[in-house]
Number of protein chains: 2
Amino acid sequence: MRMRSTRAKPAPPAADSTAPRPVHLGPLREFVGYRLRRAQLSVLAGFELALRELGLSPGQLSVLMVIAHNEGLTQSDVCAALGIQRANFTPLLHDLEARGYAIREVLPADRRSNTLRLTLLGREAVARALALHERLEKRITRCLGATGRSQLIELLQKLEAL
Amino acid sequence: MRMRSTRAKPAPPAADSTAPRPVHLGPLREFVGYRLRRAQLSVLAGFELALRELGLSPGQLSVLMVIAHNEGLTQSDVCAALGIQRANFTPLLHDLEARGYAIREVLPADRRSNTLRLTLLGREAVARALALHERLEKRITRCLGATGRSQLIELLQKLEAL
DNA sequence: GAAAATAGTTATGGTAAATAAGCATTATCG
DNA sequence: CGATAATGCTTATTTACCATAACTATTTTC
């Protein structure tokens, strides 16, 4: 029994060799780690697109924001708050200093420590970054819904603890 | 009006200098990108802990799983499915070959392409990895609740699209 | 049959994170 | 008081990951 004149399928395009082959991910589809990584790369791309004109990396912006909301922190304080290694923090901060965004000052009470604060330029940069970033969050909210977005944040926060 | 003998606060422990200072994150607290990154690092650490005895990276395991569920894929197929650059895939695959987990064979129909399949050893490795990974997912489920976990996966999947 | 496109490889650069060692300063304790 | 330990920051180095460009071999297109 051949099917030739019966038109079984409309147009099986003779194996379109350019079409990417559909792939089964198996259990991987529900690996939280896998989904996290993919989503994170996607949002990261959105971040870089949204803040391109400022040239700030996510890490740099997070540091600026923490300093902005807690003037007088030491470098170690910022590192502890953001989960950054102190060794990696030094060059990051120097870049922010070189841009004229942040200032590092020896703490008189303990001359090993540096306290951090933002310049006016730094505060302006944070303000602009926040405005640009707002667009990204709005895009995310359109994608997830407002409740979806806040659910996500809450779940991610729990996940951080382990 | 001084308060000295009135015992205003029970015991302000004279500024415990070893205690990490509490830090306000400001709007950063609700940046989806920030929360994603922190959560991802946390789960990544859990992955490495859980699969240490196998010595498989998340990327390697994902490749093994995709091959396992779709024998005969080409390298480009796997790359497209997992969002890996073909250039970066080559050394990754060579490592899996060197371990005796995967085999690369020229496709006769198109001698430019290599089709991939797992060895018996490779399938065993995937099975063991899945068993170990199961513990991680269970830990995550304890942390988020079963419905929380599936909500998270759904939200992350949406987020991937943008 | 020549030119363009594709699969895979190689080489290279950038960024992020981890580790170890060093210096200056402060705290601890005999 | 003074030696030792601990702390804050820096430097250097390593590793891993992602991206780009250039190259070879093969196939497709016209």
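The values are calculated or read from the model by the stated rules, or taken from the named source; none is laboratory data. Predicted model, so just to flag it, every value in this text is computed and none were measured. So basically every Cβ, Gly included, is an ideal-geometry build from the backbone, and we count neighbours across all protein chains shown. Side chains are part of the model used for accessible areas, which takes the heavy atoms of the whole protein and leaves out ligands, DNA and RNA. Shrake-Rupley method; radii C 1.70, N 1.55, O 1.52, S 1.80 Å.
Summary table below
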| item | result |
| --- | --- |
| Chain B: angle of helix B:32-50 to the longest principal axis, Cα-based, in degrees nearest 10 | 70 |
| Exposure rank, largest accessible area first [A:103, A:153; 1.4 Å] | A:103, A:153 |
| Volume of the Cα convex hull of chain A, divided per residue and given in Å³ | 209 |
| Rounded to 10°, Cα long-axis angle of helix B:86-98 versus longest principal axis of chain B | 80 |
| Of A:108, A:27, A:91, the one that fluctuates the most in a GNM where chain A has Cα springs shorter than 10 Å | A:27 |
| Structure-based [θ]222 nm, chain A - -39500 (n - 2.57) summed over DSSP H runs of at least 4, per residue, nearest 500 | -18500 deg cm²/dmol |
| Chain B Cβ-axis minimum, rotational copy A, residue and distance in Å | B:40, 3 |
| B versus A: buried accessible surface, summed, Å² (probe 1.4 Å, to nearest 100) | 5600 |
| Degrees, to the nearest 10: A:146-160 long Cα axis against longest axis of chain A | 70 |
| Scaled radius of gyration (Cα, divided by 2.2 N^0.38 Å) that the protein assembly as shown gives | 1.28 |
| Inter-chain Cβ neighbour average for residues B:146-157, partner chain, 10 Å | 6 |
| 10 Å Cβ neighbours from other chains, averaged over peptide B:37-50 | 6 |
| Rule-of-thumb Rg ratio for region B:55-132 [Cα; 2.2 N^0.38 Å; N residues] | 1.02 |
| Where Cα atoms sit under 24 Å apart: lysine pairs in the protein assembly as shown separated by 8 or more or lying on different chains | 5 |
| Exercise: per-residue mean of other protein chain Cβ atoms within 10 Å, A:53-61 | 1 |
